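Undergrad: Below: one structure in structure tokens.
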Amino acid sequence: MTSADNRPIGMFDSGFGGLTVARAVIDVLPSEDLVYIGDTGRYPYGPRPASEVREFAHEIAWSLVRDHNVKAIVVACNTAAAAAFYELETELPVPVVSVVEPGARALAIATTVRRVGVIGTVGTISSGAYQRALKEVDASLELIATACPGFVEFVERGQTSGDEVVLLAERLLAPIVEANVDALLLGCTHYPYLSRVISEVMGPQVVLVSSADETAFALAEMLHERGLDADLKRTGSHTFLSSGDVEWFADFGRRLLGPELSEASRWEPSAND
Ligand code: DGL
């Protein structure tokens with residue numbers, strides 16, 4: 001029998017969005033420690049060039065490895081995964097899990113009409129990451145992919161309902177509504193916080209798929225296969241770091257994630273903004 005590995009899991013996002021994935025990981029893997037970095041000082045990643053997002057992703061991932069001795073990294077940000085997943089996977093000394101492949105798998109399972117939608121940031125959609133991932137899962141599926149600039153900014157401000165959000169959602173989701181899909185992947189970890197509005201616009205016949213749970217299951221499987229599970233008798237601890245306003249991160253983050261986010265500390269980026 002192999003011994004338990006109680007080192008933490010590292011996770012990052014541009015801000016609050018990855019907390020949807022953190023929530024799922026805390027629920028699925030209650031014995032694991034978690035260190036989460038929300039790069040709120042430099043969000044949003046979506047409109048930035050891929051090279052810049054890649055630089056941020058490398059900096060954060062290496063900080064998790066060097067400063068927090070993590071045993072695995074979850075890229076809880078589709079934009080960062082689209083820009084940097086393969087490089088991170090190759091260069092980091094620990095395994096890396098992304099939200100993209102688990103999301104694509106869940107989307108393929110959710111459809112019956114075999115016509116699906118993906119929404120994400122400009123960076124994610126223009127990278128073609130989902131188009132490629134879905135092709136790997138099932139090349140016969142028809143995919144309509146649309147960027148939703150503005151959604152992340154609403155979530156980061158804590159505005160997840162109201163006329164302004166609905167109007168923007170109606171405009172941005174129009175091509176997906178017209179395409180008559182029966183399943184829509186929320187390809188940005190911020191979007192589950194807008195799922196009520198998105199669901200109202202799409203209609204009840206469309207299943208909304210979030211990659212948070214699927215990513216947590218993929219992480220659990222990977223840890224188990226590699227003998228990296230923590231001692232199942234322990235209760236995990238959770239550390240939250242932010243490059244922006246830590247008070248706001250703790251207050252708003254707690255409302256989104258729950259009581260596990262009792263406090264947040266400062267994470268200092270070294271790369272230039
Ligand atoms: N939550 C992130 C994603 O999944 C990034 C949003 C952003 O910073 O633009 O893509």
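Bear in mind that the values in this text are calculations on the coordinates, not laboratory data. None of the values given here were measured: they were computed from a predicted structure. Cβ: placed from backbone, ideal geometry, glycine included. Neighbour counts: every protein chain shown.
Undergrad: Exactly which trypsin sites (Lys or Arg not before Pro) in the range 191-273 are in a DSSP loop and have at most 16 other Cβ atoms within 10 Å?
TA: 226, 233, 234
Undergrad: When the chain is modelled as a GNM with alpha-carbon springs shorter than 10 Å, which of 18, 41, 128 fluctuates the most?
TA: Greatest mean-square fluctuation among the candidates belongs to 128.
Undergrad: Here's a follow-up. With the dipole of the chain worked out from charges on the C-beta (+1 for Lys and Arg, -1 for Asp and Glu) around the Cα centre, which of 15, 248, 180 lies farthest toward the positive end?
TA: So the residue we want is 180.
Undergrad: Still on this structure, I have one more. Rg and Dmax in Å for the chain, alpha carbons only: what are they?
TA: So, for the chain, Rg and Dmax equal 17.7, 57 Å respectively.
Undergrad: I would also like to ask the following. Among 38, 162, 253, which one moves the most in a GNM of the chain with springs linking Cα atoms closer than 10 Å?
TA: 162
Undergrad: Ok, one more. What does the extension gain come out to for residue 225 and residue 52, with contour length at 0.36 nm per residue minus their alpha carbon separation?
TA: Residue separation times 0.36 nm, minus the Cα-Cα distance, leaves 59.0 nm.
Undergrad: Can you check how the C-alpha radius of gyration of the range 45-125 compares to 2.2 N^0.38 Å, as a plain ratio?
TA: That ratio works out to 1.21.
Undergrad: Also, quick follow-up: Cut-off 10 angstrom, C-alpha nodes, Gaussian network model of the chain. Which of 106, 174, 61 fluctuates the most?
TA: Result for the chain, Cα springs under 10 Å: 174 fluctuates most.
Undergrad: Post the alpha-carbon centroid distance, the range 201-219 to the range 140-179, in whole angstrom.
TA: 15 Å
Undergrad: Assign unit charges at the C-beta atoms only (+1 for Lys and Arg, -1 for Asp and Glu), then state the dipole size of the range 85-143 relative to its Cα centre in Debye, rounded to the nearest 20.
TA: Result for the range 85-143 is approximately 340 debye, rounded to the nearest 20.
Undergrad: Compute the projected area of the convex hull of the Cα atoms of the range 104-159, averaged over all viewing directions, and report it in nm² to one decimal place.
TA: So the mean shadow area of the Cα hull is 4.3 nm².
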